[in-house]
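Q: My questions will all concern the structure given below.
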Amino acid sequence: TLGLENKKSLIVLGDSNKGVYLSSRNFKGSEVITNSELSTYKILHANSVVLLESSLEGIESNLNKQ
């Protein structure tokens, strides 16, 4: 396991995935978002951030726009 039980965990996906969202409900305090929903507040509010490889391209794209 990743040791995410009972911690505020943020899981960032490249695209919406209903299966991951439904599975994340088993972990209290977890939140699943797509890279377009990512914000500084969400990162700072989480104890752990899990970035899926598919989310990195979108995050890079968003950072390069600014």
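Q: Can you pull out the helices (runs of 4 or more DSSP H) entirely within the range 1-65 that have at least 1 residues that are in contact with a Ser or Thr (Cβ under 8 Å, 6 or more places away or on another chain) and on the phi < 0 side of the Ramachandran plot? Walk me through how you get there before you give the answer.
A: Values: elements: 18-24, 40-45, 53-65.
Where helices (runs of 4 or more DSSP H) fall fully within the range 1-65 and carry at least 1 residues being in contact with a Ser or Thr (Cβ under 8 Å, 6 or more places away or on another chain) and on the phi < 0 side of the Ramachandran plot, they are 18-24, 53-65.
Q: When the residues of the range 26-48 are filtered to those that are farther than 8 Å from residue 8 by Cβ and among the hydrophobic types (A, V, I, L, M, F, W, C), which remaining residue is surrounded by the most Cβ atoms within 10 Å (Cβ to Cβ)?
A: The extreme case among them is 32.
Q: List pairs: first in the range 49-61 and surrounded by fewer than 15 Cβ atoms within 10 Å (Cβ to Cβ), second modelled with pLDDT under 90 and in a helix (DSSP H, G or I), Cβ under 6 Å, 6+ apart or cross-chain?
A: Filtered contacts from the range 49-61: no entries.
The values are calculated or read from the model by the stated rules, or taken from the named source; none is laboratory data. In this text the structure is predicted, and so the values were computed from the model without any measurement. As a convention, Cβ positions derive from the backbone with ideal geometry for all residues, glycine included, and neighbour counts pool all protein chains shown.
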